[in-house]
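Read-outs: derived from the displayed coordinates by stated rules, not from any lab. The model shown is predicted, which means the values in this text are computed figures rather than measured ones. Note that we place each Cβ from the backbone using ideal geometry, even for glycine, and neighbour counts take in every protein chain shown.
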Amino acid sequence: MRLSADIHVLTGTFASQQLAFAHLLDAAQRDGLSPDLDHLEVILPPHGPRLRGYFDGETASVIAQQAGTQAVVLVLPGALITGQFTADDRLQSLGRHVGEVTRA
């Protein structure tokens with residue numbers, strides 16, 4: 001089942017998905033957050049195909065253009081019980097965008 005969802009979008013320069021997840025865990029610890037990594041998506045360029053799995057074509061295109069060569073991090077519903085990731089020297093927020101998530 002596809003459900004409408006408010007998705008927080010971040011970007012950052014990371015050499016791999018593993019390094020992006022490591023930074024997210026460090027940022028979470030710094031901010032006192034307990035993320036569920038199953039609800040975080042790290043998308044390295046090219047972004048288009050995977051972003052279209054969450055957003056309509058126009059929104060996916062805008063996010064991909066804004067991200068450029070950086071990784072895109074999608075903070076999906078359920079990733080955090082309270083709080084949110086804040087921008088830092090490695091992560092920049094592109095805001096929240098309405099998309100869709102798949103739930104059983």
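What to note about this one:
- Residue (of Leu37, Gly68, Ala79) at the positive-pole extreme of segment 31-82, dipole from beta-carbon charges: Gly68
- For Leu94, residues with placed amide H under 5 Å, excluding near neighbours: Val9, Leu10, Thr11
- Report summary: the helix-based calculation at 222 nm, which adds -39500 (n - 2.57) for every DSSP H run with n ≥ 4 and divides by the residues of the chain, gives -8500 deg cm²/dmol.
- Fully extending the segment from Gln92 to Gln65, taken as 0.36 nm per residue of separation minus the present Cα-Cα distance, adds 8.3 nm.
- Against the empirical 2.2 N^0.38 Å (N residues), segment 1-43 has a Cα radius of gyration ratio of 1.28.
- For segment 47-89, the convex hull drawn through the C-alpha positions has a volume of 88 cubic angstrom per residue.
- Amide H contacts of Phe14: Ala71, each under 5 Å away and 5 or more positions distant or on a separate chain (H built 1.01 Å from N in the peptide plane; Pro and chain starts excluded).
- For the chain, the fraction of alpha-carbon pairs in successive 5 Å shells from zero, as %: 2, 13, 25, 27, 19, 11, 2, 0
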